[in-house]
């Protein structure tokens, strides 16, 4: 219920929003190393290897990888409808931002409080990039 | 963020949806990184890849009427005329390659198909503001040349090419170009391979910070050395700017490298042993090989000559394909000078306009390949071919034997 939700300020980077189950990645991600059919992370040794980011709220440390594969990673997930509903970034870098802009994946950063403290796997999270707001209901 | 009236008009779509999309990209990046304004760029380079995501973006802009006002040079995909004589690809893969070339031609790109533009196909001068994507090109133009580019994605660099501008943030600003950490190097730097391994170590330590390297022995790196160093520092980390004290243009002294900030104690000391240990972690594979692949980043003419010298008239094993991926101009020069013909007699082939990470190489997958480039090994492994790593002389000896011991 809405009144049980904790509200945090953030900054909108790519407009729009979404809601759903949180998945928290302690590692930076290269989206090229996900399976577009399922949204499952396939990078060996990655913090969320084997788990799907599709249609979830992804809490992410940062982006990584070469200047073009990240773009294709986002694109392939986008055409299969397997992008996250929204991404909450901790460390912002240009390649992941431009990839999200291209496919219109809602993205926010500068969350009030540390996202790794405030959001846990499985929490229900609403992201509103236009209002600059994140709402969290603990699982 | 300040936009001029003309920039606002573009953002509102007055000059078509292609230019609008490009401006939206630059504006979003500018807002994200707190840029005060856009600044003109004189050169751009796009890490075109022949992957769907990148080609989609170019088509989106070009179909919306966009043409580049500062035409970018481009990375390679693969030489579809030449390599289809040797290897099969699916109709879909071939069609994507064709679409990519067509879209980039239409948007007005300069199709150099070369991944090291700073070395010879699009060389900026000191202090020039540019937008270069390609993870190995960015540290080269910033660190070795002293031009100014942020770490761009292929799509943000293409947007900069269309508009002719880039947001003023990051490495365009003096303060952000200074060193963040100091690394001492006490190792013998013999050839570009050693510089690549050094880059791999440095990238791991520096992440996305600006490292300052201080060498104990006198070193004289050349273009290939800087190129290998930056390519690997941007593979194991995200280094976009570096200094080498007494060598690179913004670091005549250690004080200059840190821009007047307090000089920190060295974060790490890299010795010959550090490099040997790093190499050992990267070169575990041995056994029969089916491919030697050189040219990530693209080989220069002098590197091709070195291959001939090391073969010394001997021949590649019948079971091994030996490919040099070179800058197109170097390949043409090799043909005109008959270096190409002489190498072919030894079983060494060369191709321009081609990247290691393309579908034309898939027939080698499942067996062991060999390269002198950690970056090549890293990206090929993701496509299902394990790679071993040796310096060039080791690659040549293994190619002759057909196996790596």
Query - region B:143-163 - residue that is within 14 Å of chain A (Cβ to nearest Cβ) and farther than 19 Å from residue B:33 by Cα and, of those, surrounded by the most Cβ atoms within 10 Å (Cβ to Cβ) - result: B:161
Query - Residue list for region A:94-132, filter: buried (at least 18 other Cβ atoms within 10 Å of the Cβ) and more than 13 Å from chain B (Cβ to nearest Cβ) - result: A:111, A:115, A:118, A:119, A:123, A:125, A:126, A:127, A:128
**Report entry** For residue B:30: the one exception among (1) out of contact with any helix residue (DSSP H, G or I) (no Cβ under 8 Å at 6 or more places or on another chain); (2) surrounded by fewer than 20 Cβ atoms within 10 Å (Cβ to Cβ); (3) in a helix (DSSP H, G or I)
**Finding:** (2)
Requested in this report: Report yes if some residue within region B:102-112 is away from every other protein chain (no Cβ under 14 Å), under 16 Å from the mean Cα position of the chain (by Cα), buried (at least 20 other Cβ atoms within 10 Å of the Cβ) and not in a helix (DSSP H, G or I); otherwise report no.
Outcome: yes
**Report entry** Among the residues listed as B:121, B:138, the single one being buried (at least 16 other Cβ atoms within 10 Å of the Cβ), in contact with a strand residue (DSSP E or B) (Cβ under 9 Å, 6 or more places away or on another chain) and either assigned to a helix (DSSP H, G or I) or within 14 Å of another protein chain (Cβ to nearest Cβ) (or both)
**Finding:** B:138
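Let's see how each residue does on (1) within 11 Å of another protein chain (Cβ to nearest Cβ); (2) closer than 27 Å to residue B:138 by Cβ:
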site: B:9; (1), (2): no, no
site: B:13; (1), (2): no, no
site: B:19; (1), (2): no, yes
site: B:27; (1), (2): yes, yes
site: B:32; (1), (2): yes, yes
site: B:38; (1), (2): no, yes
**Report entry** residue B:53 being over 28 Å from residue B:128 (Cβ atoms), modelled with pLDDT of 95 or more, crowded, with 21+ Cβ neighbours inside 10 Å and not assigned by TED's automatic domain parsing to the domain that holds residue B:291
**Finding:** yes
Query raised in the report: Which ones in region B:237-253 are in contact (Cβ under 8 Å) with a residue 60 or more places away in the chain and outside any strand (DSSP E or B)?
Result: B:238, B:239, B:240, B:241, B:242, B:248, B:249, B:250, B:251
Query raised in the report: Of all the residues that make up region B:164-179, how many are more than 14 Å from every other protein chain (Cβ to nearest Cβ) and either surrounded by fewer than 19 Cβ atoms within 10 Å (Cβ to Cβ) or under 28 Å from residue B:8 (Cα atoms) (or both)?
Result: 6
Query raised in the report: Quick one: is residue B:256 out of contact with any helix residue (DSSP H, G or I) (no Cβ under 8 Å at 6 or more places or on another chain), outside the structural domain of residue B:377 (by TED's automatic domain parsing) and more than 29 Å from residue B:307 (Cβ to Cβ)?
Result: yes
Report summary line: When (1) outside any helix (DSSP H, G or I); (2) within 21 Å of residue B:51 (Cα to Cα); (3) at pLDDT below 95 are applied to residue B:379, the one that fails is (1)
**Report entry** Members of region B:276-335 that are surrounded by fewer than 21 Cβ atoms within 10 Å (Cβ to Cβ) and on the phi > 0 side of the Ramachandran plot
**Finding:** B:287, B:312, B:313
Report task. Residue by residue through region A:57-93, note down the ones that are more than 10 Å from every other protein chain (Cβ to nearest Cβ), on the phi < 0 side of the Ramachandran plot and surrounded by fewer than 23 Cβ atoms within 10 Å (Cβ to Cβ). Result -> A:61, A:80, A:82, A:85, A:90
Query raised in the report: Residues B:92, B:36: which one is surrounded by fewer than 17 Cβ atoms within 10 Å (Cβ to Cβ), in a helix (DSSP H, G or I) and either at pLDDT 95 or above or more than 24 Å from the chain's Cα centre (by Cα) (or both)?
Result: B:92
Requested in this report: Report yes if residue B:197 is at pLDDT 95 or above, part of a helix (DSSP H, G or I) and within 14 Å of chain A (Cβ to nearest Cβ), otherwise no.
Outcome: no
**Report entry** Selection within region A:68-110 - in contact with a helix residue (DSSP H, G or I) (Cβ under 7 Å, 6 or more places away or on another chain) and part of a loop (DSSP other than H, G, I, E, B)
**Finding:** A:68, A:83, A:90, A:92, A:105
Query raised in the report: Do we find that residue B:342 is modelled with pLDDT of 95 or more, outside the structural domain of residue B:229 (by TED's automatic domain parsing), surrounded by 15 or more Cβ atoms within 10 Å (Cβ to Cβ) and in contact with a helix residue (DSSP H, G or I) (Cβ under 7 Å, 6 or more places away or on another chain) in this structure?
Result: no
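Results for (1) modelled with pLDDT of 95 or more; (2) within 13 Å of chain B (Cβ to nearest Cβ); (3) surrounded by fewer than 22 Cβ atoms within 10 Å (Cβ to Cβ); (4) closer than 25 Å to residue A:113 by Cβ, shown as yes or no for each residue.
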| residue | (1), (2), (3), (4) |
| --- | --- |
| A:7 | yes, no, yes, yes |
| A:11 | yes, yes, yes, yes |
| A:23 | yes, no, no, yes |
| A:50 | yes, no, yes, no |
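Here is a yes/no grid of residues against (1) over 21 Å from residue B:170 (Cα atoms); (2) touching a strand residue (DSSP E or B) at 6+ places or on another chain (Cβ under 9 Å); (3) within 11 Å of another protein chain (Cβ to nearest Cβ):
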position	(1), (2), (3)
B:1	no, yes, no
B:60	yes, no, yes
B:65	yes, no, no
B:78	yes, yes, no
Query raised in the report: Which of the following residues is modelled with pLDDT of 95 or more and assigned to a helix (DSSP H, G or I): B:144, B:131?
Result: B:144
Requested in this report: Find the residue count for region B:254-307, including only residues that are in a strand (DSSP E or B) and under 27 Å from the mean Cα position of the chain (by Cα).
Outcome: 16
Query raised in the report: Is it true that residue B:48 is part of a loop (DSSP other than H, G, I, E, B), facing chain A (nearest Cβ under 9 Å) and crowded, with 18+ Cβ neighbours inside 10 Å?
Result: yes
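The values are calculated or read from the model by the stated rules, or taken from the named source; none is laboratory data. Please read these numbers as outputs of a predicted model, since none were measured by experiment. Backbone-built Cβ (ideal geometry, glycine too); neighbour counts: all protein chains shown.
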